[in-house]
Every structure is written in structure tokens, then in C-alpha cells.
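The values are calculated or read from the model by the stated rules, or taken from the named source; none is laboratory data. Only a predicted model underlies this, so the values are computations on that prediction, with no experimental measurement involved. All Cβ positions, glycine included, derive from the backbone under ideal geometry; neighbour counts span all protein chains shown.
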Amino acid sequence: MYDIIGDIHGQADELEQLLQKMDYQKTNDVYRHPDRQAIFVGDFIDGGHQQKKTIEICKAMVENQTALAVMGNHEFNAICFATPGSDGDYLRPHAKVKNVTDHQEFLDELPFDSPEHQQTIDWFRTLPLFLDLGELRIIHAVWHHASFTTASQWLNDENCLLPDAYAPASNKTHPLYDAIEYLLKGIEVELPAGYAFNDKKGNRRTAARIQWWNETATTWKDAVIGTGNAPLPETPLPDSVYRYRDNTPLFVGHYWMNGTPTPLAQNVVCVDYSVARPGGKLSAYRWSGEKVLESGNFVWVERVE
Ligand SMILES: [Mn+2]
């Protein structure tokens, strides 16, 4: 059975506390549990000041099969930052200031192109985009069938992106770009004509995130998230807007949740409770075969301030 652990973002102290709280013990430098396996939902890096240590702990667990892991958008970005494209520039250009500032603490700990940086990027490349374990599924942001179809020809047998996939996945005009966006960063849906909202940075947006896990939110007004107080239509969402309707329990990270951990739906859990920001938690869901996910199965530690 599995303990699914949320986005760590370089907070290694909290990771060790959480593992110990779940009775994982460190033997021969590897955390392990006598009869459970951990699963990391990605986003090991960017944020906290212990990114190298976080990678050491998680990589050792994955290599010794005491844990499984999937790729987060931050690992995908780190690979693109380190991968030259055919035009000679990196797939995530270094001249764009935001690409560097978002990643600076990682680069401070693992200097660009150093052997330890290269080894870390090589390990990130071995992380699958998703895990389908039959009775449960894990992906960083959205389990999205249409994007799996698009991505399938760019994956190896273990569902890792092939080396040649990173260039098309970084090219906004290529179908693989949107597929990776959906799987690792979430779905945005165009609002009905005439509707818009201002995002956190004050930019006017006409596409919004939706609660793809929530079948009971049937109108635009109820289903859309992150739109603040903007007026939204109370008309039904069209059927074309994606919802996760499968019975198989699904675990995701990515969403910077607040408050007391609880399932998003009876078949969907988000384990990301924002340990990378003040007041956040590192959380895990201890899954033991149940089809209906329950809030009592969450375990967490508070962020060390
Ligand atoms: Mn993420």
C-alpha cells in the first residue's frame, strides 16, 4: 500500500519529519517502511533552501524502490532550462529573467552544468509523466485522457518523456506543448464570450482554471476557480469541458491548497498543501486500497518557519 506525498519544493526538514511520522526509518541512508511504499507527486525543487537534500532523499528512495515518483512542472522546467534546442538557445531561455529568478535557489545549490547539476537533470529525465498502478493513479496536475493520447508517441515504455520530446513540448505551436501544460500545470478553459477576470498580477484573462474533479459544480460560476470577484455566468458548463469521471482513485499535487487536508472528491485527492509558503503543510495521503477517499487518511507536518 502507498503513502502519496505532496510537493516538497526543497523543504527537506519537513520531508524527513513527515517520513518519520509515518514510521519510515532510515537504514543504509535510505528511508523505508516495512510494508508500505511512498509515492512523490513531483515538484521536488524550486522554493526552499534544501533542494539538494530533498533530491538526495527522494532519489535514494526511488532507486531503492522504497518510493515511486512522477515528474512535476518544476522538474520539466529544470530539464528544459538545461537542454539546448536546435537554434542553439536553451529550450527554456536563460535570457528571460523570470526563467532564472524562479530557478535561482536550485542553481545556487547545484551550479549550472556542474556534475551534480547534470546528474540531477539526468534523474529528472527518468521520472514518468504519470503512474497508472491499476487500483490508483498519480499525476502532477490533471489526469487528462486526450493529452495522454497526444503525448503517447513521445513516451518510452515507462511513460517517461523521450529525449526528443522536450523540444516540441517547449514549442507553443506544437500539440505536445498543450498536452504537457494540461498534464503538469492544469487545464484552462475559455470563458463564454464577454467574460473576463483579473489574475493575481492584475492581467486581464479570458481563460480560467476549472474544478475538473468536481462533478457537482455544474455551472460556470461554481466550477471556475481563481477568478476572484469577477461576475461569471450561471449557465451550465458545456459537456466538452473535461471532468475526471473515472472511479479509479486519482492523486495529484500542484494546487497550493490551504487549510485542513481533505479530498477534492471521493475519487480525487490533492496532496499539495503549500509547504513552500509560510503557514503551509507537507501532507501525505495513506492509501490502503479504499475506492472512496477519506479525509481521515491524511497525515501532515506544519512548515518549519
Ligand atoms: Mn506544480
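Numbers at a glance
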quantity: Residue within region 63-80 that is without any contact (Cβ under 8 Å) to a residue 24 or more places away in the chain and either within 16 Å of the ligand (Cβ to nearest atom) or among the hydrophobic types (A, V, I, L, M, F, W, C) (or both) present; calculated: no
quantity: Qualifying residue in region 226-238 (condition: charged (D, E, K, R), more than 16 Å from the ligand (Cβ to nearest atom) and either surrounded by 13 or more Cβ atoms within 10 Å (Cβ to Cβ) or in contact (Cβ under 8 Å) with a residue 24 or more places away in the chain (or both)); calculated: no
quantity: Criterion violated by residue 256 - all others in (1) over 17 Å from residue 141 (Cα atoms); (2) of a type outside the set (S, T, N, Q); (3) assigned by TED's automatic domain parsing to the domain that holds residue 44 satisfied; calculated: (1)
quantity: Count of residues meeting criterion [in contact with a Lys or Arg (Cβ under 7 Å, 6 or more places away or on another chain) and either within 12 Å of residue 53 (Cβ to Cβ) or not in a strand (DSSP E or B) (or both)] in region 23-34; calculated: 1
quantity: Scope region 172-195; condition more than 16 Å from the ligand (Cβ to nearest atom), surrounded by 15 or more Cβ atoms within 10 Å (Cβ to Cβ) and more than 18 Å from residue 80 (Cβ to Cβ); matching residues; calculated: 189, 191, 195
quantity: Evaluation of residue 107 against (1) under 19 Å from the mean Cα position of the chain (by Cα); (2) part of a helix (DSSP H, G or I); (3) of a type outside the set (D, E, K, R) (one fails), failing number; calculated: (1)
quantity: Test for residue 116: is it in contact with a Pro (Cβ under 6 Å, 6 or more places away or on another chain) and surrounded by fewer than 18 Cβ atoms within 10 Å (Cβ to Cβ); calculated: no
quantity: Test set (1) of a type outside the set (Ser, Thr, Tyr); (2) closer than 16 Å to residue 76 by Cα; (3) more than 16 Å from the ligand (Cβ to nearest atom); (4) assigned to a loop (DSSP other than H, G, I, E, B) - residue 158 fails condition number; calculated: (2)
quantity: Of all residues making up region 259-296, the number that are within 16 Å of the ligand (Cβ to nearest atom), surrounded by fewer than 19 Cβ atoms within 10 Å (Cβ to Cβ) and over 15 Å from residue 8 (Cα atoms); calculated: 1
quantity: Filter pass, residue 93 being out of contact with any helix residue (DSSP H, G or I) (no Cβ under 7 Å at 6 or more places or on another chain) and either surrounded by fewer than 16 Cβ atoms within 10 Å (Cβ to Cβ) or in contact (Cβ under 8 Å) with a residue 12 or more places away in the chain (or both); calculated: no
quantity: All positions within region 201-223 that are among the charged types (D, E, K, R) and either within 16 Å of the ligand (Cβ to nearest atom) or without any contact (Cβ under 8 Å) to a residue 24 or more places away in the chain (or both); calculated: 201, 204, 205, 209, 221, 222
quantity: Residue match in region 1-19 (condition: among the hydroxyl-bearing types (Ser, Thr, Tyr) and in contact with a strand residue (DSSP E or B) (Cβ under 6 Å, 6 or more places away or on another chain)); calculated: yes
quantity: Flag for residue 56 being in a loop (DSSP other than H, G, I, E, B) and of a type in the set (Asp, Glu); calculated: no
quantity: Out of 95, 141, sole residue that is over 25 Å from residue 183 (Cα atoms) and either within 16 Å of the ligand (Cβ to nearest atom) or among the hydrophobic types (A, V, I, L, M, F, W, C) (or both); calculated: 95
quantity: Given (1) more than 27 Å from residue 165 (Cβ to Cβ); (2) touching a residue at least 24 places away in the same chain (Cβ under 8 Å); (3) over 17 Å from the mean Cα position of the chain (by Cα), index of the condition residue 27 fails; calculated: (2)
